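The values are calculated or read from the model by the stated rules, or taken from the named source; none is laboratory data. Just so we're clear, the structure is a prediction, and the values are computed from it rather than from any experiment. Quick reminder, even Gly has a Cβ in these numbers, built from the backbone with ideal geometry, and neighbours come from all protein chains shown. Calculation scope for accessible area: heavy atoms of the full protein, side chains included, ligands and nucleic acids excluded. Shrake-Rupley method; radii C 1.70, N 1.55, O 1.52, S 1.80 Å.
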Amino acid sequence: MFINREISWLEFNQRVLNQARRQDLPLLERIKFLSITASNLDEFFQVRVGGLMLLQRAGKNRPELTGLTPTAELERIRVRANAMVAEQYELLTAELLPLMEQAGLQPLRMDDLDEIQLGDLERYFTTGVAPLLTPLALEVETPPVLPNLSLVLAVELRADDAEGGSRMVAVTLPESLPRRVHAATLENQGYVMLEELAARFISHLLPGEEVLGCTPFRVTRNGDIAVTEEEGGDFAREMEEVLVARKFSDCVRLEVPESAPGHMVARLQALVGADALSTYRVPGLLRLVDFGRMAFEPGNDRYKVESWTPSWPASVDPALSMFDNISQGDILIHNPYESYEPVVRLVEEAAADPDVIAIKQILYRTSPNSRFISALCRAAESGKQVTVLVELKARFDERLNLAQAERLQRSGVQVVYGVKGFKTHAKITMIVRREHAGLRRYCHFGTGNYNEDTARIYSDLSLLTCDDKLGADAAQLFNSITGLTRLMQFRRIYPSPAMMKQRLLELIDGEIQRARQGEKAAIRAKMNSLNDVEIMEALERASQAGVKIRLNVRGICCWYPGTAKGRASTRIVSIVDRYLEHARIFSFHNGGDKLVYIASADWMSRNLDRRVELMVPIDNPELAERVLGILDVCFKDNTQASLMEEDGTSRPVYNHRRPFAMQAHLHRQARQRARRQERISRQTLEPHLPKKER
């Protein structure tokens with residue numbers, strides 16, 4: 001049975017919102033989850049709603065797999081999104097703001113401030129805010145393009161005519177200014193919101209004008225703009241054009257406060273091209289995403305969850321080089337429970353090691369101050385052969401990736417922009433090192449991006465290895481991508497679009513055949529999303545055959561068993577906790593000889609058919625058991641997990657008598673492994689130390 005993708009995504013966002021509703025969580029953790037739901041909706045409207053509106057306007061009304069046309073999808077989305085927005089603000093108003101007031105973290109109303117405080121804020125506005133503001137006339141022959149997702153003030157002014165009319169100007173509030181304004185005279189009593197401060201003193205910006213009204217608003221523009229990738233074209237230049245096009249793209253959502261006067265809203269709708277269906281009247285402050293920053297700012301620890309420090313991976317000896325560590329055996333790192341530092345160190349050491357002669361890496365998303373980029377630049381500048389594939393089509397990171405690619409090229413790195421018609425999403429690094437026995441390849445295969453920042457909050461797996469067969473496959477993969485040759489002749493790895501889906505279908509079919517023969521058959525998988533039709537049809541056959549199916553799908557899940565027998569053998573859960581679940585793990589019982597894989601790809605059509613991805617086996621028995629242990633606890637969680645229902649909704653799985661939280665368990669496990677290794681190292685070292693140092 002298929003479930004609509006967009007509605008499934010909104011149900012995922014509901015699971016995040018449910019975390020914000022939990023009264024057992026600290027205040028700032030609840031605010032963080034609320035802000036995440038707002039950020040998620042921003043991207044959803046830009047990409048998914050934007051894409052559907054393009055289809056609708058082009059007259060392309062072909063139904064998707066559940067039979068809904070783009071028009072019908074948009075209608076369902078608006079009903080569900082409106083209900084979600086109402087729930088967000090009901091939670092904010094009824095629960096969170098009163099708790100924030102008790103904690104001294106609430107926004108203050110300008111009308112509640114005394115004259116001294118108002119005077120202080122007025123001086124701040126005059127000296128620190130007004131110089132950055134630019135009023136733009138809206139009702140002109142060529143109206144200005146208002147920025148996407150920014151807070152903007154619509155100011156109604158008395159017109160210079162005898163009829164007593166009015167005109168409107170827009171004032172964008174710069175992203176460089178703090179949304180929450182703390183003035184010295186407010187001390188610890190709270191803060192005021194930037195838009196309320198600006199609205200109060202906006203007349204300072206418009207001397208001689210009579211201000212009739214002022215309201216904040218926000219425009220969301222279509223971000224679903226594709227690159228043509230014409231033969232022989234300049235791909236980097238085309239990406240620049242896409243970024244410019246987004247600034248001028250159609251409005252897909254107009255957000256205004258409920259208190260905004262109707263005549264001003266109507267004029268804004270006409271100016272930005274929003275109809276009544278794409279206008280959202282919000283019963284509170286706009287852009288809730290900004291409040292999430294409070295959870296990461298210093299102080300107020302009693303309103304936050306306990307901080308978890310990543311453990312140093314037990315299998316990595318910090319006293320040895322990464323090459324020596326990997327030479328002793330394959331290494332599995334599970335961040336952020338374990339530190340991501342060894343992965344960064346591997347590339348940094350490779351850049352400095354005179355025996356390293358080549359580095360190849362695929363970069364999809366990086367941090368702005370990426371240590372990987374710096375190391376690759378140093379490596380190229382020292383004369384090493386460095387080849388980096390930079391994926392320019394990483395949505396909303398295109399501008400950063402363009403800048404990173406330019407920096408790499410200036411240092412002498414050979415930069416490749418990917419495969420025509422496909423996004424390159426595989427996570428792989430290969431380092432070629434000259435050693436006594438000849439050239440040796442050291443590889444990193446991962447489920448997450450080479451991004452030190454997100455590695456602290458995304459749960460991902462890394463495999464570090466110098467296995468000859470995996471190294472040969474890595475070399476073949478890079479050669480295929482950079483040489484635009486066919487993806488074939490691999491020994492151990494399964495890339496998409498050539499091999500991964502076919503291998504997955506074979507593995508699922510193998511479990512079906514065993515189940516039909518009365519043997520034990522099981523499929524367990526962990527991923528972000530599931531929507532590929534062929535995979536879902538195979539899972540449906542497997543469920544009807546009695547294969548035991550356990551899926552941990554964080555986000556979109558477009559399949560649920562269509563028969564009673566299938567539902568009896570299937571369990572689909574989603575876990576939302578302090579870390580974003582991002583690792584992809586697939587396991588097949590295989591007659592007792594279990595097959596375990598990690599991958600960069602979800603079971604989505606875009607990953608399996610239209611992206612260069614990678615699925616890698618975990619053959620080391622000890623590491624395979626660790627990965628299987630992660631799958632085990634996915635389905636034991638009864639604190640943060642939700643169980644998917646037949647209609648695509650989900651219900652929380654709670655057990656108050658014997659609570660079990662997967663992420664807390666994995667954090668404890670990582671600490672225990674690190675302590676155990678520390679004891680072993682101390683016992684090994686102590687006999688060789690002087691007595692006074694023991």
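Structure summary
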| item | result |
| --- | --- |
| Scan of the stretch 624-649 for residues that are within 23 Å of the chain's Cα centre (by Cα), small (Gly, Ala, Ser) and farther than 19 Å from GLN23 by Cα, ordered by number | GLY648 |
| Residue within the stretch 310-318 that is within 22 Å of ALA103 (Cβ to Cβ) and in contact (Cβ under 8 Å) with a residue 24 or more places away in the chain present | no |
| Those residues of the stretch 110-139 which are within 25 Å of LEU254 (Cβ to Cβ) and either open to solvent by 70 Å² or more (accessible area, probe 1.4 Å) or of a type in the set (Phe, Trp, Tyr) (or both), in sequence order | LEU132, THR134, GLU139 |
| Residues (of a type in the set (Gly, Ala, Ser), touching a residue at least 40 places away in the same chain (Cβ under 8 Å) and under 29 Å from ARG668 (Cα atoms)) located in the stretch 339-369 | SER367 |
| Any hit, the stretch 18-29, residues being among the charged types (D, E, K, R), open to solvent by 30 Å² or more (accessible area, probe 1.4 Å) and under 17 Å from MET604 (Cβ atoms) | no |
| Residues within the stretch 156-180 that are open to solvent by less than 80 Å² (accessible area, probe 1.4 Å) and modelled with pLDDT under 90, tallied | 4 |
| From ILE508, ILE523, ILE493, ILE535, residue being under 30 Å from LEU666 (Cα atoms) and in contact with a Pro (Cβ under 8 Å, 6 or more places away or on another chain) | ILE493 |
| Filter pass, VAL633 being without any contact (Cβ under 8 Å) to a residue 60 or more places away in the chain, open to solvent by less than 40 Å² (accessible area, probe 1.4 Å) and out of contact with any Cys (no Cβ under 9 Å at 6 or more places or on another chain) | yes |
| Any hit, the stretch 598-609, residues being open to solvent by less than 90 Å² (accessible area, probe 1.4 Å), more than 30 Å from GLN14 (Cβ to Cβ) and modelled with pLDDT of 95 or more | no |
| Sole exception among (1) hydroxyl-bearing (Ser, Thr, Tyr); (2) crowded, with 18+ Cβ neighbours inside 10 Å; (3) within 30 Å of ARG679 (Cβ to Cβ) for THR279, by number | (3) |
| Qualifying positions in the stretch 50-92 - free of Cβ contacts under 8 Å to residues at least 60 places away in the same chain and of a type in the set (Gly, Ala, Ser) | ALA58, GLY59, GLY67, ALA72, ALA83 |
| Selection status of ALA455, under 26 Å from the mean Cα position of the chain (by Cα), among the small types (Gly, Ala, Ser) and not in a strand (DSSP E or B) | yes |
| Residue selected from the stretch 395-422 under the condition among the charged types (D, E, K, R) and modelled with pLDDT of 90 or more, by the criterion most open to solvent (accessible area, probe 1.4 Å) | ARG410 |
| Residue check for ARG399: more than 23 Å from CYS466 (Cα to Cα), touching a residue at least 12 places away in the same chain (Cβ under 8 Å), outside any loop (DSSP other than H, G, I, E, B) and not aromatic (Phe, Trp, Tyr) | yes |
